[in-house]
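Okay, structure first, notes after.
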Amino acid sequence: MTPRKRILFVVLAALTALSAAAQDNGTLSRPRKFNGLLGGGVSADFSENYSYITLAPEIAWPIGKYLYLGSGILAGWSSSYGESHWTFGINPYARFHAEVLAGIRVFADADLNLRRTQYAGGRAPVFYLDCGIRPGLMIPVTGSVYALVQIGFLGYESSRSGGELWSRTGWRCEGSDIRIGGYFRL
């Protein structure tokens, strides 16, 4: 089994288990409410020599009063100095949150971001790994809908292309670290 097929198999198995657990109330006769979050985000940056836009649908489920576990799928397009490339990745996370004022929630995502960028013209793909914390706010719009804003990243990041490896740790606040999105409470 190839690595891609293994990853796809694990994701499908996890989603199947999650779906079964969300509907099993002991008798399997009446589905119970899932009580999770369904949503996602978008980030974009358009400058003179670099442009990108990414979309990231996500699903999260509660594991206690202040914790959600979730995962997202990242798809993006970018252009740098006239060369375009596509990026795809996965983003599992744990979201710790607390209500601070009138339903507004402060949160921090402890996340792992794995992605692959394929360049046009046959260049070797680049593999990225980010592991760290992303702070943010969830602002209630209605009883079931939340707007989400995330700014910044604190942690470790690395990339590998061919035989070259690059890495750094610390605080980062670039265009890709400013995310705007929304969630619907199921």
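Decide, for the stretch 75-129, between rounded, prolate and oblate: order the square roots of the alpha carbon gyration tensor eigenvalues as a ≥ b ≥ c, take rounded if a/c falls under 1.5, and otherwise choose prolate if a/b is larger than b/c, else oblate.
Taking the square roots of the gyration eigenvalues as a ≥ b ≥ c, the stretch 75-129 is prolate.
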Let me have the relative contact order for the stretch 20-178, percent, based on Cα pairs under 8 Å that are six or more residues apart. 14
Among the Cα-Cα pairs of the stretch 33-185, the proportion with separation greater than 27 Å, in percent, is 25
If one computes the Cα centroid of the stretch 147-162 and of the stretch 66-119, what distance in Å separates the two points? 8
Mind listing the phi-derived Karplus ³J(HN,Hα) values for the stretch 80-86, rounded to whole Hz, using 6.51, -1.76 and 1.60 with θ = phi - 60°, and x for any glycine or proline? 10, 6, x, 9, 9, 8, 10
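Only counting other Cβ atoms within 10 Å, I'd like 46, 88 sorted with the fewest neighbours first.
With the sparsest Cβ surroundings first, the list reads 46, 88.
All of the numbers you see were taken from the coordinates with simple rules; none came from a lab. Quantities reported herein were computed from a predicted structural model and do not represent experimental measurements. All Cβ positions, glycine included, derive from the backbone under ideal geometry; neighbour counts span all protein chains shown.
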